[in-house]
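The structure under discussion appears below in the form of structure tokens.
Values in this text are rule-based calculations from the coordinates and carry no lab data. If you're wondering where the values come from, they're calculated on a predicted model, not measured in any experiment. Every residue, glycine among them, receives a Cβ derived from its backbone with ideal geometry; neighbour counts consider all protein chains shown.
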Amino acid sequence: METSGTSVHHEPWNKGKIVGQKAPFKVKDIWALRVRLQMEGRTRELALFNLGIDSKLRGCDLVALKVRDVSHGDQLATRAIVMQHKTKRPVQFEITSVTRDALQAWIKQAALKSEDFLFPSRLHDSPHLGTRQYARILGHWVDELGLDRSEYGTHSMRRTKATLIYRRTKNLRAVQLLLGHAKLESTVRYLGIEVDDALEISEQTEI
């Protein structure tokens with residue numbers, strides 16, 4: 001059977017957009033948004049934002065979390081281990097008290113059970129919040145903070161805590177483990193560290 005000469009043209013997702021390393025959020029921005037979300041009673045968004053910062057997970061892994069991934073029975077866990085979709089490697093992260101409080105409030109409000117997705121979708125054709133929905137929510141957060149949308153994206157969430165940890169400790173290996181990168185070079189590129197800076201740190205690290 002012959003096919004018609006016409007083909008469906010799909011425009012690239014990044015057409016007309018500035019693509020590149022997305023900026024991490026500053027500490028003052030984190031707290032400003034937390035206070036805003038809390039004051040306005042936006043429980044789901046507060047839980048999503050706090051967990052996104054703590055977990056350092058890619059968007060696809062964050063939105064697919066289930067209640068059981070962050071809790072032991074009725075108690076929120078202080079640490080969690082998640083298998084990454086992209087690398088098929090486990091990654092561990094701490095869940096701070098601020099985030100546990102936000103998650104507890106959201107789970108209670110939404111009446112979620114252990115097997116439920118932590119962030120159910122409000123769309124009928126998706127069981128959990130999609131990455132595009134997550135990106136749109138983040139875009140609104142960026143607007144509310146008065147920041148430039150072109151400079152921020154979902155990877156800003158993933159980079160924020162990792163960048164803070166690196167700046168305070170200069171421990172690349174620790175950040176590599178927290179991000180779940182297979183290679184140290186990936187962590188260097190991801191954090192935007194200058195090669196000379198990375199080499200200097202490597203020389204100072206005893207094995």
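Side notes on the structure shown:
- Cut-off 15 Å (backbone N to label point 7 Å along Cα→Cβ of ARG79), residues of the range 148-186: 174-175, 177-180
- Using the Karplus relation 6.51 cos²θ - 1.76 cosθ + 1.60 with θ = phi - 60°, the per-residue 3J(HN,Hα) values for the range 25-36 come to 6, 7, 4, 5, 6, 4, 6, 4, 6, 4, 5, 4 Hz, with x marking Gly and Pro.
- Cβ-based net charge around LYS66, under 13 Å, with every Lys or Arg adding one and every Asp or Glu removing one: -2
- Calculated FRET value between GLN109 and ARG68, using beta carbons and R₀ = 25 Å, to 0.05: 0.85
- You can think of it this way: the chain between THR131 and GLN21 has 37.8 nm of extra reach, that is 0.36 nm per residue less the Cα-Cα gap.
- 28 Å tail of the calculated P(r), the range 27-204, as % of Cα pairs: 24 percent
- Gain in span if fully extended, GLU94 to SER150, counting 0.36 nm per residue against the direct Cα distance: 17.2 nm
- Amide H within-cut-off set for LYS66, under 5 Å, with H built and near neighbours excluded: LEU118
- Summarising the label geometry, the points placed 7 Å from Cα in the beta-carbon direction at LYS28 and ARG122 lie 3.2 nm from one another.
- Rough spin-label spacing in nm, given labels placed 7 Å along Cα→Cβ, for GLN38 and ASP101: 0.5 nm
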